[in-house]
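Beneath this line is the structure, given in structure tokens, with notes to follow.
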2 protein chains.
Amino acid sequence: MTISMYAASVPVFKRQLGALGKILDKAAAHAAARKIADSVLLQTRLYPDMFPLARQVQIAADFAKSTPARLAGVEFPKYEDNETTLAELKARIDRTLAYVDTFKPAQFEGSEEREITLPIAGNPLTLKGEVFLLHFAMPNFYFHNTTAYGILRLCGVELGKRDFIGL
Amino acid sequence: MTISMYAASVPVFKRQLGALGKILDKAAAHAAARKIADSVLLQTRLYPDMFPLARQVQIAADFAKSTPARLAGVEFPKYEDNETTLAELKARIDRTLAYVDTFKPAQFEGSEEREITLPIAGNPLTLKGEVFLLHFAMPNFYFHNTTAYGILRLCGVELGKRDFIGL
């Protein structure tokens, strides 16, 4: 009745980020066909005090990068948040996918019990690996991933839930 | 290095749906203060061919109801989709939470290997329990949950990601 911490993280990030990459390809085709500058899409927000598309994609990708690393207890690379085009955002995803792909199941041994300390709004929060993954990292990852999708729908990009699920 | 199928499903649905219920309370306070009819919020969509708020909440709640049931191999109750107010949507969530709360960890024994057949767009799709949970049910649940949040932000309801995460 159990699943591995690896199975509950790495393949999920790979599938969902891969799907987001294809969504960005559709967004790029949409923008090109209508002569909309990429910067317009990258700066669109659902609401003024929410992050724009570019930041939503960066944060989703960063959760996919940092979560397996924190579970495995290894340092993760820091990527600059300097993308200005959809192609660059897609490249950010591809680079992240290549990194996530380096993790091996054995690195997650005991990670459900590992204490993980995060900086949350300037204060350290310590969670057990299982709680960190299921109740913090995954909700955050899906939040930013889905919000990126929602922004692109608001911009008129033709997408369906199948594009999001990637199954 | 493993977590139970129960831990990866029931407590996640409970926390996230509980958070969505509190979000609906904030939406109700927002609407009441501004004399906005609940029906306006319930019918708001991010884009014309997407579902409105009411349906997003219903679908999120239905994934929380049907997913543990499918994993445990039991029938799940069907709820009518007839909510017309935020309080009724909140009650839908509360009823769903009470149902989800009835599941016991032992019912998920072997569920990661159980073959689960779903009707997808009129065609049956069979997935192993682990794939069903991690790559189908959870992405769908989070998709509708986050989209409900996004619609309420678009309506001006003051929410932060902490409201969504519920941690």
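Couple of notes before you dig in:
- Inter-copy label distances at residue B:106, using a point 7 Å along Cα-to-Cβ, come to 3.7 nm with the shortest given first.
- Inter-centroid distance (Cα atoms) of segment B:137-167 relative to segment A:1-39, Å: 19
- Lysines whose Cα lies under 18 Å from that of residue B:78, excluding same-chain neighbours fewer than 8 positions away: B:65, B:90
- Distance (nanometres) between label positions extended 7 Å along Cα→Cβ at residue A:161 and residue A:78: 4.0
- Residues A:74, B:12, A:100, B:131 in ascending order of nearby Cβ atoms (within 10 Å, fewest first): A:74, B:131, B:12, A:100.
- Principal-axis tilt of helix A:86-100 within chain A, Cα atoms, nearest 10 degrees: 20
- As a proxy for reagent exposure, ranking B:76, B:136, A:141 by other Cβ atoms within 10 Å from fewest up yields B:76, B:136, A:141.
- On Cα atoms only, tilt of A:10-33 relative to the major axis of chain A in degrees: 10
- Spin-label model, residue A:106/residue B:36: points 7 Å from Cα along the beta carbon direction are separated by 5.5 nm.
- The long axis of helix B:138-154 is offset from the longest Cα principal axis of chain B by roughly 0 degrees.
- Among residues other than residue A:141 with Cβ under 13 Å from its Cβ, the summed charge is +4 (Lys and Arg +1, Asp and Glu -1).
- Translational diffusion of chain A, µm² s⁻¹ [Kirkwood Rh, Cα pairs; Stokes-Einstein; 37 °C; 0.692 mPa s]: 199
- Partner aspartates and glutamates whose Cα lies under 19 Å from the Cα of residue B:35, excluding those fewer than 8 positions away in the same chain, are identified as B:25, B:88, B:158.
- Each of B:151, B:36, B:93 was scored by other Cβ atoms within 10 Å of its Cβ. Listed from fewest to most, they are B:36, B:93, B:151.
- Over chain B, relative contact order from alpha-carbon pairs under 8 Å, at least 6 apart, %: 37
Where a number appears in this text, it was derived from the coordinates with a stated rule and is not lab data. Everything numeric here is computed off the predicted structure, so don't read it as measured data. Glycine also receives a Cβ, built like all others from the backbone with ideal geometry; neighbour counts cover every protein chain displayed.
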